[in-house]
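The values are calculated or read from the model by the stated rules, or taken from the named source; none is laboratory data. All of these numbers come straight from a predicted model, not from anything done at the bench. With ideal geometry, Cβ positions are generated from the backbone for all residues, glycine too; neighbour counts draw on all protein chains shown. In case anyone asks, the SASA skips ligands and DNA or RNA and just uses the protein heavy atoms, side chains included. Shrake-Rupley method; radii C 1.70, N 1.55, O 1.52, S 1.80 Å.
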Amino acid sequence: EIYDFTEVNKPVVSEKYKVKGKIDAFKDGYVYEIKTLDEDKFLGTYSIEHYYQGLLYAYILNTEYNYNVNSVVIIYVFRDNLKRDPVAFDLDLDTNLAKSLLERSLLLLTSIQRKEVIDPIGSNKDQCHYCEFKSFCEKDSSGVQKPYKTKEQKQEKKQKEKKPDTKKKETAFLLG
């Protein structure tokens, strides 16, 4: 009500790139991504993943829905301090980046269909935490480097930490 959005929770589906999502809001050429977080987690800037999300929606809306999106606005609302004003970032569109990310989604889809694990370029442990395909990656034995430690790697580390060093240590003195 505060922003008087034209559309809210609008589904966005791209048959071309085989992706779907839902924008939080749209108004006057702006795609709005509204994120809630705890105040102490806010680092003073926007998350690049949040920008990518809005950017992809904007690109799909412009190229497949005949919208005229000019900008992505990320709004952070602090769930643990509702008295603090939300923080907004008005960001320009990068159509080349959006197209590149969407083309990568097609590679991901192909890998999933072939039951192969794609190289997780730029991924990190936090992103993998929420991925619905993480269990598939954990079972993968292809040797693709994963941005997280597998259960086996964690167990190996624990075993190494538990084993006492049984090698004899010798001390050498040099007299001169």
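Less than 14 Å from a label point 7 Å out along the Cα-to-Cβ axis of Arg84: which backbone N atoms in the range 15-40 qualify, by residue?
35-40
What list of ³J(HN,Hα) couplings, whole Hz, do you get for the range 51-56 from phi and the Karplus terms 6.51, -1.76, 1.60, once you set θ to phi - 60° and write x for glycine and proline?
Using θ = phi - 60°, the values come out as 5, 4, 4, x, 4, 5 Hz.
Give me a comma-separated list of calculated 3J(HN,Hα) values for the range 97-102, in order, Karplus coefficients 6.51, -1.76, 1.60 applied at θ = phi - 60°, integers in Hz, x for any Gly or Pro.
5, 4, 4, 4, 5, 5
Rounded to the nearest whole Å², what accessible area per residue is found for the range 1-109 with the 1.4 Å probe?
61 Å²
Suppose every Lys and Arg Cβ carries +1 and every Asp and Glu Cβ carries -1, with no other charges. What dipole size does the range 14-118 come out with about its Cα centre, to the nearest 20 debye?
Using only the charged Cβ atoms, the result is roughly 460 debye.
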